[in-house]
Amino acid sequence: MTSVMTTLMTGAVKNTVTTVLTTATPPPVAPTGDHHSLAIALFAVVVLVTLGITLWVGRQGNAAEDFYAGGRDFTPLQNGFALSGDYLSAASFLGVAGLIALYGYDGVMYSIGFLVAWLVVLMLVAELVRNAGRYTLADVLALRLRRRKVRAAAGGASVVVTLLYLVAQMVGAGSLVALLLGTGSPHARTWTIIAVGTLMIVYVTIGGMRATTWIQIVKAFLLTAGSVLLTVLLVVRFHGDLGELMRQAAQHSGAGHRYLEPGLKYGHGFTSRLDFFSLGLALVLGTAGLPHILSRFYTVPTARAARRSTMWAIGLVGGFYLMAIVLGLGATALVGSAEVRHANSAGNTAVPLLALVLGGGNGSTGGVVLFALISAIAFATILAVVAGLTLASSAAFAHDIWAGAWRNRPRRGRGRALRDRAAGGRGRRRRTEAVPASRSEEGVTASRAAEDPGPGAGEQQEVVVARFAAGGIGAAAIVISLYAQQLNVAFLVGLAFAVAASSNLPVLLYSLFWSRFTARGAVWSVYGGLVPAIVLVFFSPVVSGTKVALFPGVDFHWFPLENPGIVSIPLGFLAGWIGTVTSSEPADADRFAELEVRALTGAGAA
């Protein structure tokens, strides 16, 4: 998942660690040029392998189902690896361990929310979304709420979420790769952002979902293998005594036993605790509304396979975070919190420094190889995540906004106006029977033919638009990232999850489980969560009023929390309810029944 950990740890570091105890392990020497040269070589291998996968897979099919859903022929195990690959970003690999290395217990508590989020996905949305939709979140809504405004709102929110997430990933990639290569040059970060952005455009435009899925599978395997390798070496180093590992970590943390107790980072006052709760709420609920996660459920043939994929993902993600806890403790025990913070104030180099020590130390062949290997895995992780995000945003634009909303806009003329009014009133049933479903205003019904987005709208044309959209969104992300690379982008990822939890999740749950839900409620729910989330962040301490804000020289903040989830998420649900109960158009009971049968049984699913 996610660059959440990396970006959220780039804020002000609390002055909780001042000195290292005299018994601390001598800090390792900073990595030399040999480490970086080998890392560059392995980076090149990663790029060549992923490009080879893209070119090989890209020739296997160009249909819309191949581009959006990878042909729906991935096994639950394969898709489970791909799901975990989408969810586990470089931040998960480097940032979680770094947070634990610096803050101990609080870092462990922070990481728990990411695993709990998958239980929400498994219980509430995995099977139902796979049965009710086709390619995107808006497909689920359009099955019972056939309105262009609903598609436009859901597609727009999905683009906002993925773009925020994408920019944060790319800015983090620039800083991270420059750091691992041993240079702080702004030019190195700039060219890294451009290179990563160009590669992600190539992956999506040529390979689509098939290539992106296989890249995610390879990345997830490398990430798991690298974590297992480091964990085994660390456990062997301490002869299997995890108690001794914890004691050494506390001793070399500079905080003593406070390192193993709550409050080292998140216990400073009521506002800090409330902000942590707000962020945790956004992370737990936002996962079920992330577009690139939801689109993964369409790459398997059945809803049962989607559920099994989620179970595989839970196992892989859970195992990874258990290993991350061990690696974070190991970094503190063998490297020391002071050295980790000296290398990077957010702790993002904790795992590479630990790899250097476990491999034999600076100057040793084993240390050089292990450091470079971990750096290459982090780079592969970045490439895979940005590819998945780009594909999700291009699909939302082409399938939902262009084909489902803009192209199907009403034509001028009295006849068309009458048909539109009939579709929204009592004549809807008669119009549905008289006009083929594929020619209806929304163009999305339960049948496969009706899911074609309108008269003459060939799916091949839609795929072409999606490829151009990938290029445009990728270019926009590159430009925004270049301007944002000197800024604190922590709010981007927090806002991405808050928007997903505030707009996408309420409308999805209402549509699946509330029979009275209407099109007005859907539109109000999306915008009722999206707009407050953005407004509250704009007037929060991450934009102004603090030394680490985006604009530290001014102060116009009045919202005290850094993450708006605790406010914007309830507002998204409330807006959907108000929009529904005040709607003059009653809900269509037949369409909800159709959605319910399809979601629960899979009858008529794509």
**Request:** Heavy atoms only, probe 1.4 angstrom, no DNA, RNA or ligands counted: give me K265, K149, K547, K219 ranked by accessible area, highest first.
**Result:** K547, K149, K265, K219
**Item:** Rounded percent of accessible protein surface that carbon and sulfur make up, region 112-162, 1.4 Å probe
**Value:** 73
**Message:** If I model a spin label at H268 and L322 as a point 7 Å from the Cα along the Cα→Cβ vector, what separation in nanometres do I get?
**Reply:** 3.4
**Asked** Label K149 and R247 with points 7 Å out from Cα along Cα→Cβ: what is the distance between them in nm?
**Response** 6.7
**Asked** Separation between the Q460 and W56 pseudo-spin-labels, each 7 Å from Cα along Cα→Cβ, expressed in nm?
**Response** 2.8
**Message:** Could you report region 91-160's accessible area per residue, 1.4 Å probe, as an integer in Å²?
**Reply:** 21
**Prompt:** If you take the beta carbon distance between S37 and W558 as r and set R0 to 51 Å, what does 1/(1 + (r/R0)^6) give as a FRET efficiency, to the nearest 0.05?
**Reply:** 0.50
**Message:** Could you work out what % of the accessible surface of region 200-297 is carbon and sulfur, using a 1.4 angstrom probe and leaving DNA, RNA and ligands out of the count?
**Reply:** 71
**Complete:** PRE zone check, label point 7 Å out along Cα-to-Cβ of R304, amide N under 20 Å, scope region 129-147, hits 129-133
**Prompt:** Regarding region 140-255, what are the three Cα extents along the principal axes, ordered largest first, in Å?
**Reply:** 62, 42, 32
**Request:** Using packing as a proxy for protection, rank 132-142, 189-199 so that the peptide with the highest average count of other Cβ atoms within 10 Å comes first.
**Result:** 132-142, 189-199
**Request:** Round to the nearest 10 and report in Å² the accessible area of R147, as given by a 1.4 Å probe over the protein chains' heavy atoms.
**Result:** 50
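Heavy-atom accessible area per residue, region 520-596, 1.4 Å probe: how many Å²?
On the way: 3630 Å² over 77 residues.
Here the per-residue accessible area is 47 Å².
The values are calculated or read from the model by the stated rules, or taken from the named source; none is laboratory data. Since this is a predicted model, take the numbers as computed values, not measurements. With ideal geometry, Cβ positions are generated from the backbone for all residues, glycine too; neighbour counts draw on all protein chains shown. Heads up: the accessible areas ignore ligands, DNA and RNA and are worked out on the full protein's heavy atoms, side chains in. Shrake-Rupley method; radii C 1.70, N 1.55, O 1.52, S 1.80 Å.
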